[in-house]
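Peer 1: Let me begin by handing over the structure; questions about it come next.
Read the figures in this text as sums done on the coordinates, not as results from a lab. This is a predicted model, so every value here is computed, not measured. All Cβ positions, glycine included, derive from the backbone under ideal geometry; neighbour counts span all protein chains shown.
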């Protein structure tokens, strides 16, 4: 009987020692700071820390679910269903593989898609949707708005590489250069037309005469030209003509001959 009492006493002593050690450990644990989740007294999904069902998944928040492998969901009703997907914000949904949805009601359903902003949707593969209610529904595209809700892209640096975008300054530079080239061609063309017209204004050699030398002038679209030319009767059957027209566009030359019988 004495032996049994001693054994019981020893067991109680050991238990007390373990309780004392556990109390010491608990008392030395530091409480966490700056981390709080408020369900307003109404238990929702993930209350029992069961919202993360995918392998190595993380679900933080009321009704947060992370079903994809290596997925992460943060926020009330945030849902990361795709493998390696990330959903951040109330009712954010990332269902595509490697997709990211950030913002209230954002959705990234395309593989490798990213939706950033309240209500943003990225459904195309490798697509990016930026801003509230933006829609990127085509593969390999970046959207800053939606039909009827377009946005300007500002503070864009000038493009350098062949696949870079251009900014308005570069575009205007190209437009100005093109306009200058067109205007230059137009000036030369107008001057050329005036010079050609001036050449035709020089009278022909009269019948019975051998040589005629004359001048002519003309104007076209505000561009003027002068010309000097000659006509010579070599024989009664052969006649030759030559001349030069001078305008702001340069000089134009011409010769000709005719045989008559």
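Peer 1: What list do you get for 102, 168, 201 if you sort them by fewest beta carbons within 10 Å? All intermediate terms of the calculation are to be shown ahead of the outcome.
Peer 2: Values: 102 21, 168 11, 201 15.
Least to most surrounded, the residues fall as 168, 201, 102.
Peer 1: In nm, what is the difference between 0.36 nm times the number of residues separating residue 187 and residue 152 and their Cα-Cα distance?
Peer 2: Once the chain is fully extended between residue 187 and residue 152, it gains 8.8 nm.
Peer 1: Under the classification rounded if a/c is under 1.5, otherwise prolate if a/b is larger than b/c and oblate if not, where does the range 58-143 fall, given a ≥ b ≥ c as square roots of the Cα gyration tensor eigenvalues?
Peer 2: On the way: a/c = 2.97, a/b = 1.42, b/c = 2.09.
In terms of gyration-tensor shape, oblate.
Peer 1: How big is the range 88-239 along each principal axis, measuring the range of its Cα positions in Å and listing the largest first?
Peer 2: Here the spans come out as 103, 29, 29 Å, largest first.
Peer 1: May I pose another question? Just to be sure I follow: if Rg is taken over the C-alpha atoms of the range 137-224 and Rh is the Kirkwood radius over the same atoms, what is Rg/Rh?
Peer 2: On the way: Rg = 27.1 Å, Rh = 18.8 Å.
On the Cα set of the range 137-224, Rg over Rh gives 1.44.
Peer 1: In whole Å, how far is the Cα centre of the range 148-180 from that of the range 41-94?
Peer 2: Value for the Cα centre distance between the two parts: 42 Å.
Peer 1: Summing -39500 (n - 2.57) over the DSSP H runs of n ≥ 4 in the chain and dividing by its residue number, what mean residue ellipticity at 222 nm do you reach, to the nearest 500 deg cm²/dmol? Present the calculation step by step, with values, prior to reporting the outcome.
Peer 2: Values: 2 runs with 60 residues, N = 261.
Result for the chain, helices only: -8500 deg cm²/dmol.
Peer 1: Okay, next question. Counting pairs of alpha carbon atoms under 8 Å apart in space and at least six apart in sequence, what relative contact order in percent does the range 166-261 give?
Peer 2: Values: 181 pairs, mean separation 23.0, N = 96.
Answer for the range 166-261 is 24 percent.
Peer 1: Hey, another quick one. Restricting the count to DSSP beta bridges whose residues both fall in the chain, what percent are antiparallel, rounded to a multiple of 5?
Peer 2: Around 50 percent antiparallel, to the nearest 5.
Peer 1: Quick one: if the Förster radius is 41 Å, what FRET efficiency do residue 133 and residue 251 give, using the C-beta to C-beta distance and rounding to 0.05?
Peer 2: Calculated value: 0.05.
Peer 1: Note down the relative contact order for the range 28-174 as a percent, whole number, built from C-alpha pairs under 8 angstrom at least six residues apart. Write down the numbers at each step before the final one.
Peer 2: Numbers: 431 pairs, mean separation 12.8, N = 147.
This gives 9 percent for the range 28-174.
Peer 1: For Cα pairs less than 8 Å apart in space and 6+ apart in sequence, what is the mean separation divided by the residue count of the chain, i.e. the relative contact order in percent? Can you show the working numbers first?
Peer 2: On the way: 612 pairs, mean separation 15.8, N = 261.
That works out to 6 percent.
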